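In what follows, a single structure is set out as structure tokens and then discussed.
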Amino acid sequence: MSQKMNFSYSNSDRGTYQNSEWSNDMSKLLQGTFIEVLDSAKLFKVVLSDTTTLKENYRLESNIFAFEHRVRDRQSHAIISIQFTLINADTGKLVKSKRFSYQEPTQSTDAKGYASATNVIMRKLSGDLLEVVALKRSY
């Protein structure tokens with residue numbers, strides 16, 4: 001993923017905003033957000049990025065299926081669809097996997113409206129992420 005903000009007006013009419021970008025590469029922004037959410041929740045002794053050389057007990061993987069501003073006629077929504085997969089790093093076995101999809105109306109059809117609606121989704125996503133890993137004691 002890049003810093004570009006994506007939009008679509010139909011399934012075949014897609015593009016990126018020319019004068020608006022995320023503050024950093026989207027994957028880095030998401031990773032930083034997820035690390036902060038998990039670290040603040042204190043469910044684990046430490047939460048590390050994927051670049052660490054330390055041995056971890058669990059690994060959280062994510063697949064992003066959609067991350068865009070979708071405009072159809074007069075309707076405008078921020079769209080995010082992501083799947084989290086929690087893996088036991090010692091055994092390599094799947095602990096839990098769940099996909100979340102969100103659609104949040106925007107207050108305007110521009111990049112500013114999209115960014116605001118995306119922030120609303122990210123708050124919801126942060127809570128849902130904690131649900132994926134919160135039951136770790138039962139693994």
Subject >> Search result, residues across region 88-110 that are part of a strand (DSSP E or B) and closer than 18 Å to A66 by Cα >> reply: S97, K98, R99, F100, S101, Y102, Q103, E104, P105
Subject >> Contacts under 8 angstrom Cβ, first residue in region 24-35 being under 13 Å from T118 (Cα atoms) and among the aliphatic types (A, V, I, L, M), partner surrounded by fewer than 17 Cβ atoms within 10 Å (Cβ to Cβ) and at pLDDT 90 or above, 6 or more apart >> reply: L30/S62; L30/I64
Original post:
When the residues of region 50-83 are filtered to those that are outside any loop (DSSP other than H, G, I, E, B) and among the basic types (K, R), which remaining residue is farthest from A115 (Cα to Cα)?
Top reply: R59
Original post:
Mind checking whether some residue in region 53-64 is modelled with pLDDT of 80 or more and closer than 17 Å to T106 by Cβ?
Top reply: no
Original post:
Being surrounded by fewer than 12 Cβ atoms within 10 Å (Cβ to Cβ), closer than 26 Å to D13 by Cβ and free of Cβ contacts under 8 Å to residues at least 12 places away in the same chain, is that true of even one residue in region 78-100?
Top reply: no
Subject >> Residues located in region 114-132, provided they are of a type outside the set (A, V, I, L, M), surrounded by fewer than 19 Cβ atoms within 10 Å (Cβ to Cβ) and touching a residue at least 40 places away in the same chain (Cβ under 8 Å) >> reply: S126
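The values are calculated or read from the model by the stated rules, or taken from the named source; none is laboratory data. This one's a predicted model, so the numbers in the text were calculated from it and none came from an experiment. Ideal geometry is used to build each Cβ from the backbone, glycine not excepted, and the neighbour counts take in all protein chains shown.
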